[in-house]
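Shown below is the structure under consideration.
The values are calculated or read from the model by the stated rules, or taken from the named source; none is laboratory data. Model, not experiment: these values are computed from the prediction. Cβ: placed from backbone, ideal geometry, glycine included. Neighbour counts: every protein chain shown. Surface areas here come from the heavy atoms of the whole protein model, side chains and all, with no ligands, DNA or RNA. Shrake-Rupley method; radii C 1.70, N 1.55, O 1.52, S 1.80 Å.
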Amino acid sequence: MVHISTIPDFFLGLCHLWAFTYILIFASDACKNVTLYVPSKLDAEKLIGRVNLKECFTAANLIHSSDPDFQILEDGSVYTTNTILLSSEKRSFTILLSNTENQEKKKIFVFLERQTKVLKKRQTKETVLRRAKRRWAPIPCSMLENSLGPFPLFLQQVQSDTAQNYTIYYSIRGPGVDQEPRNLFYVERDTGNLYCTRAVDREQYESFEIIAFATTPDGYTPELPLPLIIKVEDENDNYPIFTEETYTFTIFENCRVGTTVGQVCATDKDEPDTMHTRLKYSIIGQVPPSPTLFSMHPTTGVITTTSSQLDRELIDKYQLKIKVQDMDGQYFGLQTTSTCIINIGDVNDHLPTFTRTSYVASVEENTVDVEILRVTVEDKDLVNTANWRANYTILKGNENGNFKIVTDAKTNEGILCVVKPLNYEEKQQVILQIGVVNEAPFSREASSRSAMSTATVTVNVRDQDEGPECNPPIQTIRMNENAAVGTTSNGYKAYDPETRSSSGIRYKKLTDPTGWVTIDENTGSIRVFRSLDREAETIRNGIYNITVLASDQAGRTCTGTLGIILQDVNDNGPFIPKKTVIICKPTMSSAEIVAVDPDEPINGPPFDFSLESSTSDVQRIWRLNKINDTAARLSYQNDPAFGSYVVPVTVRDRLGMSSVTSLDVTLCDCITENDCTHRADPRISGGGVQLGKWAILAILLGIALLFCILFTLVCGASGISKQPKVIPDDLAQQNLIVSNTEAPGDDKVYSANGFTTQTAGASAQGVCGTMGSGVKNGGQETIEMVKGGHQTLESCRGAGHHHTLDSCRGGHTEVDNCRYTYSEWHSFTQPRLGEESVRGHTLIKN
């Protein structure tokens, strides 16, 4: 095991270096003496070492130092409270640990010794006598960050047991040696003393793991490489930093005590879970300073309210100066400040109130869509928010809907308008009660005060010199429909609204659909100009409407409608509107007929039906049976023949007014009436076949196609007959045979008349150029040219389209594509001209 040779009786557990300081903790039992090696001068509020309090007394909850120049923290860190000069080489004090619950106490004696030079020579003899274990083993070691030296600074000594028998050289490698940061550590080759050459920042390098080697001069390695971990002890050299320079929070006014405003946060780069990073938050200032309304949790940084009296209308913003300090907030901890702005949000805690309790306005009668009054309100809430914007309403006095009140979005005023004209003659003054509330609901209890402010508005109606008034706009009179021409009656009446008189008013007829009446200009009475007919088409529900224009001497007018109610008289006999009756004799024996009467029901049904005829045939064939007040059943008797009959029927109303309707009755051999209406002769049950328009069109197209084919044939024959026929002598005996078989048949022979034999040359090609050049080898027909009944061109065909007779007979005449023209023409025309009539004929050239 590695040990420091200058202290042979103790185990060196940890080497601490902090501003000329290192700490030696004895390897004895807990609660025994601890020696701290320090420089001769100690500055105030500096860490000089750390004592393991937990090993001595785990349950201690009270820590006290016997010397006021030193302060002991919970983690055992020892700090100076004042500047100390060590006049002697040693100074001591006691750490008192106690448990207030069970009154148990323990002590730790701490000795301070001035730092002395470490011996470089190894105490070989003493070490051999005291060695109990191997010394080539990892030794925990630490160094203080940002050390001031002196450098090189001794850290520890590594030794190998093999040094008793060999000359051992020590060396190291790793980070801080031959890796970045290079040349930070080195070891003395002969003694194994490990040194640091400069200060280290723990926030950059928390620890170093280097490898130690022990070798002989000739390169022999008696020991395995030894890993050494050098931990950099943290110094409180980093200030805690707030995450934001300025925090901004918003909280609504009148909130409850303990409402969370927001949370601030700070960070510290020092070693976590130590006093150096144990932060404490606090509020050190408030603007305005009074009253104190906020508190901050020291550990979490959460800001809460301590009062419910936040009032935005008094103070709408608070500014807090906050502080964070490490070392758990102790006075020597590092601290940082920041600013926190708290905005007070508005709530609707103030009602809008009218600036006046009563208002007076005036308006001229018969005016509409005019502004007559503006009312104002006061509201302490935040301007241009829902808590400030006003909603006005009319509570009383607007039962007729003459007024409305709206809000001016810019000024928040209430605008009272007239939307329905007022009448001075009916009411000279209107009293309104208006109310106002905010868009947002009121936040306080409604029982504390009324939630709505009200005011009274008196509206005076001013008189206006008006024209005639047509009231009511629709007036009616009654007249009999058979009233004689020239009959007079009261007409439309308009009046002056101020005098309530009709004198001085002139009347004029604007509309009269049929021109039945005239109107008196001075009195408005009407006179019958033409006969009135209640049953006319222009009459609806027995009322005839005319439009009247009334005007005064100033030319002011009004318009009204006069409805003439025409009282019915029995001037129309009942009649049968459906005059055509079809009776399907196989399925029907009768038909139902219905009568109508244009007159009022009092002059109408019940009807009386009877047959009206001077001939006995009508009475013999037909009879009538009454079904109800308006219908009868017409049935035949004595088995009449199919055909059409005229049956006159007389219908009388209840007052005896009658009319005769001649019915066209058809007896038909049908199942339904529709079957009979499409037949030319209803007595013929079978009926003829009728062609539709599409069938007729198809027939016409077929005829046109047939004419086109015949025209083509005639033109072709004429063209061929005009060509000069040059026939070789040796072709005089050739025959063209049309056959339905592969071989020549025994068909009859006819003359070709020039359709198949052409002159070999350009003229033949011109005629046949449009006819094609194919030949049907496997079809139903074949054209064969026979010379003397033995030789055909079919046997002499070549691979090309042009053939000569020379290949068969030695001549020079050519036969071109026209050779197969007849076969193609025959296959095209045969189906259309009736193939059965021409199949099997043979055409023979003369």
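Need at least 2 residues that are at pLDDT below 85 and either of a type in the set (Phe, Trp, Tyr) or under 30 Å from Trp136 (Cα atoms) (or both) per element, so show me which strands (runs of 3 or more DSSP E) inside segment 1-93 make the cut, counting only ones lying wholly within it.
Because the criterion is at least 2 residues that are at pLDDT below 85 and either of a type in the set (Phe, Trp, Tyr) or under 30 Å from Trp136 (Cα atoms) (or both), the strands (runs of 3 or more DSSP E) in segment 1-93 that meet it are 22-24, 34-38, 47-50.
Please find, within segment 380-428, the residue that is surrounded by the most Cβ atoms within 10 Å (Cβ to Cβ) out of those that are in a loop (DSSP other than H, G, I, E, B) and among the small types (Gly, Ala, Ser).
Applying the filter and picking the extreme gives Gly397.
Here is a follow-up. Can you tell me which of (1) part of a loop (DSSP other than H, G, I, E, B); (2) surrounded by fewer than 18 Cβ atoms within 10 Å (Cβ to Cβ) is the one Glu592 doesn't meet?
(1)
In addition: If I filter segment 495-515 for residues that are within 23 Å of Asn570 (Cβ to Cβ) and not assigned by the TED database to the domain that holds Asn423, do I get at least one hit?
Within segment 495-515 (the criterion being within 23 Å of Asn570 (Cβ to Cβ) and not assigned by the TED database to the domain that holds Asn423), the answer is yes, since at least one residue qualifies.
Need pairs with beta-carbon distance below 8 Å; first residue polar (S, T, N, Q) and within segment 33-50, second assigned to a strand (DSSP E or B) and open to solvent by 10 Å² or more (accessible area, probe 1.4 Å); sequence gap 6+ or separate chains.
Asn33/Phe109; Asn33/Phe111; Thr35/Phe111; Thr35/Glu113; Ser40/Leu85; Ser40/Arg114
Determine the pairs where a residue that is of a type in the set (D, E, K, R), located within segment 510-523, has a partner that is at pLDDT below 90 and open to solvent by less than 60 Å² (accessible area, probe 1.4 Å) with Cβ atoms under 8 Å apart, the partner being 6 or more residues away or on another chain.
Note: pairs meeting the criteria are Asp512/Ile546; Asp520/Gly491; Asp520/Ile526.
Now for a separate question. Looking only at segment 162-199, count how many residues are polar (S, T, N, Q), outside any loop (DSSP other than H, G, I, E, B) and open to solvent by 40 Å² or more (accessible area, probe 1.4 Å).
Number of matching residues: 3.
How many of the residues in segment 574-628 are polar (S, T, N, Q) and at pLDDT below 80?
The number of residues fulfilling the criteria is 4.
Follow-up question, since we're still on this one. Restricting to segment 461-470, name every residue that is under 57 Å from the mean Cα position of the chain (by Cα) and loosely packed, with under 14 Cβ neighbours inside 10 Å.
Selection gives Arg462 alone.
Report yes if Ala632 is part of a strand (DSSP E or B), at pLDDT 85 or above and either in contact with a Lys or Arg (Cβ under 6 Å, 6 or more places away or on another chain) or over 19 Å from Cys670 (Cβ atoms) (or both), otherwise no.
Yes; evaluated as a whole, the condition is true for this residue.
Which of the residues that make up segment 624-659 are at positive phi and either surrounded by 12 or more Cβ atoms within 10 Å (Cβ to Cβ) or β-branched (Val, Ile, Thr) (or both)?
Passing the criteria: only Gly643.
If you take the residues of segment 490-504 that are out of contact with any Gly (no Cβ under 8 Å at 6 or more places or on another chain) and either buried (at least 19 other Cβ atoms within 10 Å of the Cβ) or touching a residue at least 40 places away in the same chain (Cβ under 8 Å) (or both), which of them is farthest from Leu562 (Cα to Cα)?
Here the residue is Glu498.
Can you name the strands (runs of 3 or more DSSP E) wholly within segment 276-369 that have at least 3 residues being of a type outside the set (S, T, N, Q), touching a residue at least 60 places away in the same chain (Cβ under 8 Å) and open to solvent by less than 20 Å² (accessible area, probe 1.4 Å)?
335-345, 358-364
Take Ala455 and decide whether it is over 23 Å from Ala554 (Cβ atoms) and at pLDDT 80 or above.
yes
In segment 97-111, how many residues are open to solvent by 60 Å² or more (accessible area, probe 1.4 Å) and either assigned to a strand (DSSP E or B) or of a type in the set (Lys, Arg) (or both)?
6
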